[in-house]
Amino acid sequence: MNDSPGWATPGSAPSDGQEAAIPRPSEPKDGSAPTGQWSPEQPPPGQWSPPSNPAGGPGARPPAPGWGGGPQHRPWGAQPPAAKPGVVPLRPLGLGEILDGSVSALRAHWRTALGFSLAVSVVVQIAVVLMQRYLLPKPTNIDPNASGTEALRQASESLRAALVSLTPAVLLALIATLFTTSVITVVISRSVLGRPVTLADAWTEVRPRILPLIGLTLLVMLMLMTVMTVSLGPGLLVGAEAGAALALFGLAVACVVVPWLYVTFALATPALVLERQGVITALRRSAKLVRGAWWRTFGILALSQLLALLLSLVVSTLLVVLMAIGDAVGISDFPAADAASLSWPFLIITGIGEVIVSTLAYPFVAGVMALLYVDQRIRREALDLDLARAAGLPGHDTDTPRS
């Protein structure tokens, strides 16, 4: 009997288009799929008190799995309380519960989550600062008085230079995000069950998945770069007015395809870490879980990114004020500053700001992704039943065979 949180194998779950009389994921028939374990070793079950039984007495019927007492003990139309051994209730989650669950998990395990995120952010930002100082080309100067063909040529060159400058930073940010997401996924998986987790525990879980994570990062980045190249490349090569029009059309196409790919494969990292999936299988798994819920997933991820952006704006504003007070870089110099000629004080201070933002934003967004994964599996595969068994909740017999 599987007494883990029950990461069911793909292919047999309701998300594959199959319907079952009892919404429980079935075991693989060929034995080739993942074993469904989060980890070979799990910490002892967390303490949790089940919802009180108004009926009372030793002969009272236990509550339904994952829920409180029967409908006869609730006001008409009221939703039954769900079991909540950890940061979120074991039922389909709402937007507020996903956002609050991410914050609650980070607050409960701040040493593990923020410590790892801080280390990753420092390494990434040092690399970005060095590239800005020594490697990246200067932005193309645009003559405000240029018109016609010359203005279009300058705009095309500026766009090309911007893409070259942004690509390394975007790649590093994507790697940092995926690695942080993998560790935070482990933190979330324990937090849902109300169990403790240390950085050593989380790293032990993630370490065997490092190479697949790198492969997943490179593959996702390759897909995004291919879309951008195919969309913008022809227009940039043609040049002149026709090339500019073609580049604008390609940019519009990329603005549709890139978010679609990002959302479709947003749950690949949790699937790769928790289900021990391969790279391609994790991408397919994410696509299956997101199918039919793309707009909801997009909205929640967009809101989490918006909150991270607001945090970035607040920190950036504070740094601008501090730099103006310290006369390191005048506020008026910001619009004209270019990455290749910026002073070390500017790069260091802005780098510190990026580290602060990344340390807080990476874990939050990663926690939202992990809880979205849990939510989609609860909705499609009754994962709440497996989570309740793993948490040792009353009324969930771990020795009873799964139907």
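The values are calculated or read from the model by the stated rules, or taken from the named source; none is laboratory data. Predicted model only: the values in this text are computed from it and were never measured. We place every Cβ from the backbone using ideal geometry, glycine too, and count neighbours over all the protein chains shown.
Residue under question is A244, and the condition is that it be in contact with a helix residue (DSSP H, G or I) (Cβ under 9 Å, 6 or more places away or on another chain) and surrounded by fewer than 19 Cβ atoms within 10 Å (Cβ to Cβ); does it hold?
On the way: in contact with a helix residue (DSSP H, G or I) (Cβ under 9 Å, 6 or more places away or on another chain): yes; surrounded by fewer than 19 Cβ atoms within 10 Å (Cβ to Cβ): no.
When the stated conditions are applied, A244 does not pass them.
Criterion first (modelled with pLDDT under 85 and among the hydrophobic types (A, V, I, L, M, F, W, C)) does I356 satisfy it? Here the answer is no, as I356 does not meet what is asked. Filtering T181, T204, T217 for residues that are surrounded by 21 or more Cβ atoms within 10 Å (Cβ to Cβ), of a type in the set (S, T, N, Q) and assigned to a helix (DSSP H, G or I) leaves a single hit, T181. If you go through the stretch 250-279 and pick out every residue that is closer than 18 Å to L222 by Cα and free of Cβ contacts under 8 Å to residues at least 60 places away in the same chain, you end up with 16. The set of residues from the stretch 258-292 being surrounded by fewer than 18 Cβ atoms within 10 Å (Cβ to Cβ) and closer than 16 Å to D375 by Cβ comprises R291, G292. Scoring G194 on the criteria (1) in a helix (DSSP H, G or I); (2) small (G, A, S); (3) touching a residue at least 24 places away in the same chain (Cβ under 8 Å) leaves a single failure, condition (1). Just one of the listed residues (D333, D327, D338) is modelled with pLDDT under 90, surrounded by fewer than 18 Cβ atoms within 10 Å (Cβ to Cβ) and touching a Lys or Arg at 6+ places or on another chain (Cβ under 7 Å), namely D338.
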